[in-house]
Amino acid sequence: MDKTSPLLPEIPSPAYICPFDQACSYLDAAAKELKLDQGVLEILSNPRKVVTVSIPVKRDSGEIQILAGHRVQHCNVLGPHKGGIRFHPAVTLREVSALAMLMTWKCALLGIPYGGAKGGIAINPKSYSINELERISRRYISELIKDIGPSVDIPAPDMGTSAREMAWMMDTYSVNIGHAVPGVVTGKPLSIGGSLGREMATGRGVMIIVREALKDKGKSLEGTRIAIQGFGNVGGAAAELLHQAGAKIIAVSTGSGGIFAENGLDIPQLKAYQKENNRKISGFSKTQPISNAELLTLPCDVLIPAALENQITQKNADRIQANIIAEAANGPVTLEANLSLEARGVTVLPDILSNAGGVVVSYLEWVQGLSYLFWDEEKVNGEMENLMVQAYRKVMQQSQERKISPRLAAYVLGVGRVAQALKDRGLYP
Ligand code: GLU
């Protein structure tokens with residue numbers, strides 16, 4: 001299929017697995033199930049706004065480099081745009097557009113009043129100094145100043161960015177506006193209005209969804225064997241919380257490869273080791289090295305791809321041994337792989353559900369900021385857990401009632417809510 005939007009550049013080559021195409025295929029399937037009007041589908045198949053800005057950055061060497069900074073706003077029918085900003089070499093406008101669309105369905109599925117957005121710059125942040133990253137973050141946000149705001153579009157961390165970048169962005173926006181505007185970004189440091197629980201939120205959400213899925217199969221986290229691809233902000237937090245809950249994390253990985261331990265890894269010790277060894281996990285005691293590809297096909301109960309998209313494809317889907325896959329990354333399982341996994345009875349818990357914990361706590365951070373009332377961590381985690389469990393239950397109910405996969409059920413719920421709002425608001429003019 002070659003789905004194009006007039007707002008996006010051409011697909012670079014037929015061999016390219018286009019994430020925007022994939023996102024549109026899921027939307028098409030949900031639209032068919034919902035018997036959506038063709039016009040509504042056309043609206044939802046296109047981003048609302050696509051912005052690319054030039055970011056001239058002075059390197060520490062004095063040389064000037066020009067970077068392209070993207071922000072795609074998919075839909076604002078339910079509320080302000082919401083979504084992370086990614087610093088990663090694989091960023092393209094098509095990828096950012098797909099991720100913006102996923103954010104729309106994710107927010108709608110979780111019942112939080114936002115529309116989707118995503119931003120990105122194609123850089124490897126490790127190749128830039130802290131000062132350079134600050135200049136990049138500040139210039140990026142100042143170029144987008146008219147397109148963002150607490151009731152317009154609220155960025156957050158994503159791959160390669162964290163609370164540090166959010167603080168620079170909040171400061172840049174605030175200085176330009178003339179007063180502090182904490183609500184312009186979420187995932188901020190606590191000192192400037194961040195929320196307790198935000199840093200671990202995506203990982204905590206993954207843990208909750210896996211726990212609920214196991215419960216439905218009459219099992220618990222205790223002793224469950226889990227392999228996690230990725231050990232960063234999402235994979236690392238999920239590993240920690242799952243380990244705390246009694247699961248056996250048998251393998252984790254980073255971009256440069258993974259480690260495996262038949263009897264389970266001691267996650268707190270591994271975290272301490274990683275901190276001492278410049279973020280390396282290889283060489284951790286009593287483990288065997290393993291490649292990222294090998295990790296995916298390990299014998300285990302639950303597989304959590306928490307790194308990049310398109311990791312489980314037609315090429316390796318039939319070798320996956322887990323019964324449950326929880327997509328902690330965005331789009332780690334391709335459309336075709338998802339179909340063959342489902343046919344084999346593997347439960348694939350879709351990204352827009354599994355990794356929604358981050359944006360849910362972003363929402364709670366935004367609400368706390370707007371009400372000038374800050375909650376303790378227990379309250380934040382409790383509110384998040386309620387929203388996650390409710391969404392999980394609705395997805396599973398919809399999946400059973402319609403006899404469709406949990407992924408399609410999640411899309412049906414998310415897309416259905418947006419389509420209904422679009423219908424009720426009507427088309428202007
Ligand atoms: N980047 C995260 C996501 O993809 C969080 C977005 C947010 O908090 O707005 O869901």
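The values are calculated or read from the model by the stated rules, or taken from the named source; none is laboratory data. Remember, it's a predicted structure, so these values are computed and weren't measured experimentally. In this analysis, Cβ positions are derived from the backbone assuming ideal geometry, glycine residues included, and neighbour counts consider all displayed protein chains. Just so you know, the surface numbers come from the protein's heavy atoms only, side chains and all, with ligands and any DNA or RNA stripped out. Shrake-Rupley method; radii C 1.70, N 1.55, O 1.52, S 1.80 Å.
Which percent, nearest 5, of DSSP beta bridges in segment 192-341 are antiparallel?
Just about 40 percent of them are antiparallel.
Kindly give Rg over Rh for segment 306-429, based on alpha-carbon atoms, with the Kirkwood expression for the hydrodynamic radius.
So for segment 306-429, dividing Rg by the Kirkwood Rh gives 1.05.
State which entries of LYS49/LYS106; LYS248/LYS379; LYS219/LYS248; LYS82/LYS394 exceed 21 angstrom in Cα-Cα distance in the structure shown.
LYS248/LYS379; LYS82/LYS394
Over the chain, what is the relative contact order in whole percent, taking alpha-carbon pairs under 8 Å and six or more residues apart?
15
Ignoring everything but the protein chains, give the 1.4 Å probe accessible area of SER291 in square angstrom, nearest 10.
50
So what does log10 I(q)/I(0) come out to for segment 231-301 at q = 0.16, 0.23, 0.26 Å⁻¹, using the Debye formula with one equal point on every Cα and no solvent?
Here the Debye-derived log intensity ratios amount to -0.48, -1.06, -1.39.
Of all the C-alpha pairs in segment 98-210, what % are more than 18 Å from each other?
54
Once Lys and Arg get +1 and Asp and Glu get -1 on their Cβ, which of TYR372, ILE404, VAL418 lies farthest toward the positive end of the dipole of segment 341-424?
Highest projection toward the positive end goes to ILE404.
Could you do me a favour and compute the accessible area per residue for segment 160-225, 1.4 Å probe, result in Å²?
About 40 Å² of surface per residue is accessible.
Run a plain Debye calculation on segment 1-136 (Cα atoms as equal point scatterers, no solvent) and give log10 I(q)/I(0) at q = 0.10 Å⁻¹, rounded to two decimals, same order as the q list.
For segment 1-136, the Cα-only Debye profile gives -0.38.
So who's got an amide H within less than 5 Å of the one on GLN229, skipping anything under 5 residues away but keeping other chains? H placed 1.01 Å off N, in plane.
The list, which skips near neighbours in sequence, is ILE304, ALA306.
Over segment 211-268, what relative contact order in percent results from Cα pairs under 8 Å that are six or more residues apart?
31
At 1.4 Å probe size, with every protein chain present, just tell me what the per residue accessible area of segment 272-429 comes to in Å². Show your work: numbers first, answer last.
Details: 7700 Å² over 158 residues.
Value for segment 272-429: 49 Å² per residue.
Given H placed on each backbone N at 1.01 Å, which residues far from ILE325 in sequence or on other chains put an amide H within less than 5 Å of it?
Amide H neighbours of ILE325: LEU303, THR347, VAL348, LEU349.
With both bridge residues required to lie in the chain, what share of the DSSP beta bridges run antiparallel, to the nearest 5%?
Beta bridges within the chain, antiparallel portion: roughly 50 percent.
Semi-axes of the equivalent ellipsoid of the chain: what are they in whole Å, largest first, if each equals the square root of 5 times a C-alpha gyration tensor eigenvalue?
Taking √(5λ) for each Cα gyration eigenvalue gives 30, 27, 22 Å.
Carbon and sulfur: what percent of segment 267-401's accessible surface (1.4 Å probe)?
50
Apply the membrane-span-like helix rule to the chain: whole DSSP H runs, Cα extent along the own long axis of at least 18 Å, mean Kyte-Doolittle hydropathy at least 0.0. List the helices found.
93-110, 201-216, 357-371, 406-425
If you roll a 1.4 angstrom probe over the protein chains with everything in place, what fraction of the accessible area of segment 18-154 belongs to carbon and sulfur, to the nearest %?
Carbon-and-sulfur percentage of accessible area, whole number: 53.
Counting only residues 5 or more places away or on other chains, whose amide H sits under 5 Å from the amide H of GLY116 once H atoms are built in the peptide plane?
Distant-sequence amide H within range of GLY116: HIS74, CYS75, LYS82, THR104.
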